[in-house]
Amino acid sequence: MNIEILYLTIDDYQELKEAMILSYQHMPASYWKEHHISKLLSIFPEGQIVVKVDGQIAGCALSIITEQRKVDYPHTYREITGNYTFDTHTPKGDILYGVDIFIKPEFRGMRLGRRMYDFRKELCEKLNLKGIVFGGRIPNYHKHADTLTPKKYIEKIRAKEIDDPVLNFQLSNDFYPVRILKNYLEGDELSKEFAVLLKWENIYFEMKSKKTQVNKTVVRLGLVQWQMRPYKSIEDLMEQVEFFVDALSGYKSDFALFPEFFNAPLMAKYNDLSEPDAIRELAKYTETIVKEFLKLSVSYNINIITGSMPEIINGSLHNTGYLCRRDGSVERYEKIHVTPDEDRVWGLKGGDQVKAFDTDCGKIGILICYDVEFPELGRLLADEDIDILFVPFLTDTQNAYARVRYCAQSRAIENECYVAITGSVGNLPKVQNMDIQYSQSMVFTPCDFPFPVNGIKSEATPNTEMILICDVDLDLLTELHNFGSVRNLKDRRHDIYKVIKTT
């Protein structure tokens, strides 16, 4: 699956028309004519976007710029669009007006609408507009029109006493109701031609400035400190996974990091087998789990680092994980150094891939547990210009944890990057070789003036199930690389030594 937000072009029109007809089956005039779209593209091309899934139009958002004074008073859809001519578009206006937004029925539930709203917000900030307004339909109002006024209807929606999927979605995207608009959209029988004027305010708006906003470089990390507990099925396990993904997405995290072997509780049903046979049974779940993770990353609009799971590759057992990007793409990584215990008890084999990954929030590296104790791997990733190093781990005792913790912090200092680590807590008495776990999730930084003096940005409560959310500023790394008190990367003596990747 590939998800893209693209500018609308006139070449998209025929497919767009079909998508509109399917999306507005209850409306008398269910699509814009080609000359309408052509007009919008000629007067405000950057305000017209589509979201495509695997090259197919899944949704669209259309908008114009107008003046706030024109929307502060009651108006109709026909009036605000200039009788559908869009002559009301004012390039020097101060507010973005949402003309239309829809998602085709087959793509609903993937939170694609949220992506388009986020695009509009970014456009609003870039153009230094006061905010976004639009008339929001209330398509379930016809069910309550005999007993509730529109005002009471909205109050009950906000109190969660009744449900209106369209208005609920808009409220969940930081829009708030300003007033009721009567006779807003002709023929909207489901809403009884009422609408709610909804508004989002741009807190970065500068009254006397039209400066282009600098691209945001603050990235929000979400770490899952996972509680090992019995699960009856893979469905129960993934229900708990989705709970954490949902929570982190609700806090607008850009990444969700899970621990190494977080799915080990599923081995309990194979406890009658030998340790090597039990973990190979566990490996049979990996493909299904990865597919579910990928669905969650798209649905919740968050990049997910799946920790690690056993996987059989060409007959050999490996410790692998996946980066599931929110655009629908996926990458695989693997543990290079297996521990003596993993070799002796399970017969795990080390991998041979060390590479950085591009994401929409900078370049990242991923090392699984023991790998972070080998500084060469971190240096190889630093040579690929990573900004963040993620380390999913699994440790049983405090001294084992200390090795991971202090080596990870060293990687942050010497490679001038952020390092995020997370593991599991609790006990698994019915899983051999996985009896006890100890973890304290942390986010480390380099040690220089822009960062915490001790190099610890954030830390979780030890041995307690929780999530850790932390913001990191990638611009500070650029500053450090060039103007730091010391410059570990620039000051390396390549004339004496170097680290070389051989594969």
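The values are calculated or read from the model by the stated rules, or taken from the named source; none is laboratory data. The structure displayed is predicted, hence computed values, not measured ones. Reconstructed Cβ throughout: ideal geometry from the backbone, glycine too, with neighbour counts over all protein chains shown.
Does segment 432-444 hold any residues that are in contact with a Pro (Cβ under 8 Å, 6 or more places away or on another chain) and either buried (at least 18 other Cβ atoms within 10 Å of the Cβ) or in contact (Cβ under 8 Å) with a residue 40 or more places away in the chain (or both), and which are they? Break it down stepwise before answering.
Step one: filter segment 432-444 for residues in contact with a Pro (Cβ under 8 Å, 6 or more places away or on another chain), giving 435, 438-440.
Listed by number, the residues that qualify are TYR438, SER439, GLN440.
Within the group GLY328, GLY307, which residue is closer than 24 Å to LEU112 by Cα and either crowded, with 22+ Cβ neighbours inside 10 Å or in contact with a strand residue (DSSP E or B) (Cβ under 9 Å, 6 or more places away or on another chain) (or both)?
Values: GLY307 fails: closer than 24 Å to LEU112 by Cα.
Within the list GLY328, GLY307, the selection yields GLY328.
So is SER23 among the polar types (S, T, N, Q) and either at pLDDT 95 or above or surrounded by fewer than 18 Cβ atoms within 10 Å (Cβ to Cβ) (or both) or not? Walk me through how you get there before you give the answer.
On the way: among the polar types (S, T, N, Q): yes; either at pLDDT 95 or above or surrounded by fewer than 18 Cβ atoms within 10 Å (Cβ to Cβ) (or both): no.
Against the criterion (among the polar types (S, T, N, Q) and either at pLDDT 95 or above or surrounded by fewer than 18 Cβ atoms within 10 Å (Cβ to Cβ) (or both)), SER23 does not qualify.
Scan segment 129-149 for residues that are surrounded by fewer than 18 Cβ atoms within 10 Å (Cβ to Cβ) and either among the polar types (S, T, N, Q) or not assigned by TED's automatic domain parsing to the domain that holds TYR176 (or both) and report the count.
Looking only at that region, the number is 2.
Scanning segment 449-494 for residues that are within 26 Å of the chain's Cα centre (by Cα) and of a type in the set (S, T, N, Q), which turns out modelled with the lowest pLDDT?
Filtering segment 449-494 for residues that are within 26 Å of the chain's Cα centre (by Cα) and of a type in the set (S, T, N, Q), the one modelled with the lowest pLDDT comes out as THR478.
Looking only at segment 225-282, count how many residues are of a type in the set (Lys, Arg) and either outside the structural domain of PRO462 (by TED's automatic domain parsing) or not in a helix (DSSP H, G or I) (or both).
At the first step, the residues of segment 225-282 found to be of a type in the set (Lys, Arg) are 229, 232, 252, 269, 280.
Retained after the next criterion (residues that are either outside the structural domain of PRO462 (by TED's automatic domain parsing) or not in a helix (DSSP H, G or I) (or both)): 229, 232, 252.
Counting residues in segment 225-282 that are of a type in the set (Lys, Arg) and either outside the structural domain of PRO462 (by TED's automatic domain parsing) or not in a helix (DSSP H, G or I) (or both) gives 3.
Against the definition (farther than 28 Å from GLU106 by Cα, at pLDDT 95 or above, surrounded by fewer than 18 Cβ atoms within 10 Å (Cβ to Cβ) and not polar (S, T, N, Q)), how does ILE65 come out, yes or no? Steps first, answer last, please.
Details: farther than 28 Å from GLU106 by Cα: yes; at pLDDT 95 or above: yes; surrounded by fewer than 18 Cβ atoms within 10 Å (Cβ to Cβ): no; not polar (S, T, N, Q): yes.
Against the criterion (farther than 28 Å from GLU106 by Cα, at pLDDT 95 or above, surrounded by fewer than 18 Cβ atoms within 10 Å (Cβ to Cβ) and not polar (S, T, N, Q)), ILE65 does not qualify.
So how many residues does segment 418-431 have that are crowded, with 18+ Cβ neighbours inside 10 Å and not hydroxyl-bearing (Ser, Thr, Tyr)?
Residues in segment 418-431 being crowded, with 18+ Cβ neighbours inside 10 Å and not hydroxyl-bearing (Ser, Thr, Tyr): 7 in total.
Applying the selection to segment 139-158, what residues are outside any loop (DSSP other than H, G, I, E, B) and more than 32 Å from the chain's Cα centre (by Cα)? Before the answer, list the steps.
Within segment 139-158, the subset outside any loop (DSSP other than H, G, I, E, B) is 141-143, 150-158.
Correct list: TYR141, HIS142, LYS143, PRO150, LYS151, LYS152, TYR153.
Looking at ASP371, ASP385, ASP471, can you tell me which residue is outside any loop (DSSP other than H, G, I, E, B) and surrounded by fewer than 16 Cβ atoms within 10 Å (Cβ to Cβ)? Before you say what the answer is, go through the steps one by one.
Working: ASP371 fails: surrounded by fewer than 16 Cβ atoms within 10 Å (Cβ to Cβ); ASP385 fails: outside any loop (DSSP other than H, G, I, E, B).
That would be ASP471, the only listed residue that is outside any loop (DSSP other than H, G, I, E, B) and surrounded by fewer than 16 Cβ atoms within 10 Å (Cβ to Cβ).
Residue under question is ARG120, and the condition is that it be assigned to a helix (DSSP H, G or I), assigned by TED's automatic domain parsing to the domain that holds LYS156, in contact with a Ser or Thr (Cβ under 8 Å, 6 or more places away or on another chain) and closer than 28 Å to HIS26 by Cβ; does it hold? Can you show your working first?
On the way: assigned to a helix (DSSP H, G or I): yes; assigned by TED's automatic domain parsing to the domain that holds LYS156: yes; in contact with a Ser or Thr (Cβ under 8 Å, 6 or more places away or on another chain): yes; closer than 28 Å to HIS26 by Cβ: yes.
Spelling it out, ARG120 is indeed assigned to a helix (DSSP H, G or I), assigned by TED's automatic domain parsing to the domain that holds LYS156, in contact with a Ser or Thr (Cβ under 8 Å, 6 or more places away or on another chain) and closer than 28 Å to HIS26 by Cβ.
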